[in-house]
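Inspection log for the structure reproduced underneath, given as structure tokens.
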Amino acid sequence: YVLPHEAVRRVVLDDTTYSSVAYKTMPVRAGLRDRIPEEYERVGQAIQGGQVLNMDAPEHTLHRRALQRTFTHKRVNAVKPTVAAIADDLIDGLVDRGGCDLMQEFGVQLTLRAVGTMLDLPGELLSGFHAWIADVFGILAPIDLKAEDVTTPDDRLVANYERLHAAYLTYTELLEA
């Protein structure tokens, strides 16, 4: 089904009715508070709240403009050879194994390594970048989820928050440097 341009435009411009703010961090039950400090939860909230896809105007517009200044045509073209080399490296590894999950083992890996390269992440942080992104998604929850309804096993939730907090400190330090 194809929607008329005017209907799409109305939805995109009406962030009161059709808000993009749909996700938050996984809520922490009181019984886990001794294992997941409030500071860890605040870090998760800051990261989730900072996702451009989870913002409405005017914040979305400001962040999108900042991204557009980073991911310019000139910058993208400059890293094309590097991205092609990353793709070749990934494909070589997949061929050697004889098969793959194309999305997880190629698409996601290529995207994360390319973005990490464009952000000039040091090589030693690139491998952790993928794990960090997985942890961001590991604590992602619908905006209306209540702590008592969380089904993620306690140990996994605690581990996600611990790793996310450690990564946050690492990347904050990198940005400050």
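The values are calculated or read from the model by the stated rules, or taken from the named source; none is laboratory data. Computed from a predicted structure; not experimentally measured. Glycine gets a Cβ as well: all are built from the backbone with ideal geometry, and neighbour counts include every protein chain shown. Calculation scope for accessible area: heavy atoms of the full protein, side chains included, ligands and nucleic acids excluded. Shrake-Rupley method; radii C 1.70, N 1.55, O 1.52, S 1.80 Å.
Projected label points at residue 166 and residue 76, each 7 Å from Cα along the beta carbon direction, are separated by 3.6 nanometres. The distance from the alpha carbon centre of region 113-147 to that of region 57-94 is 15 Å, rounded to a whole number.
So which trypsin sites (Lys or Arg not before Pro) in region 1-70 pass both tests, a DSSP loop state and at most 16 other Cβ atoms within 10 Å of the Cβ?
Working: sites: 9, 10, 24, 29, 33, 35, 42, 64, 65, 69; in loops: 29, 33, 35.
The qualifying sites are 29, 33, 35.
Taking a ≥ b ≥ c as the square roots of the eigenvalues of the Cα gyration tensor, region 1-80 is classed as oblate, since a/c reaches at least 1.5 and a/b does not exceed b/c.
About its Cα centre, how strong a charge dipole does the chain have in debye, to the nearest 20, once Lys and Arg get +1 and Asp and Glu get -1 at the Cβ?
In debye, rounded to 20, the chain gives about 620.
Between the listed residues 169, 67, 143, the Cα displaced farthest toward the positive end of the dipole of the chain, a dipole computed from Cβ unit charges relative to the Cα centre, is found at 67.
Estimated from helical segments only, the mean residue ellipticity of the chain at 222 nm is -20000 deg cm²/dmol, where each DSSP H run of four or more residues counts as -39500 (n - 2.57).
Using only the alpha-carbon atoms of region 1-150 as identical scatterers, what base-10 log of I(q)/I(0) does the Debye formula give at q = 0.12, 0.13, 0.20 Å⁻¹? The calculated log intensity ratios at q = 0.12, 0.13, 0.20 Å⁻¹ are -0.77, -0.88, -1.25. One compactness figure for region 61-177 is 1.27, namely its Cα radius of gyration divided by 2.2 N^0.38 Å. Surface composition of the chain: carbon plus sulfur atoms hold 58% of the accessible area, using a 1.4 angstrom probe and ignoring ligands, DNA and RNA.
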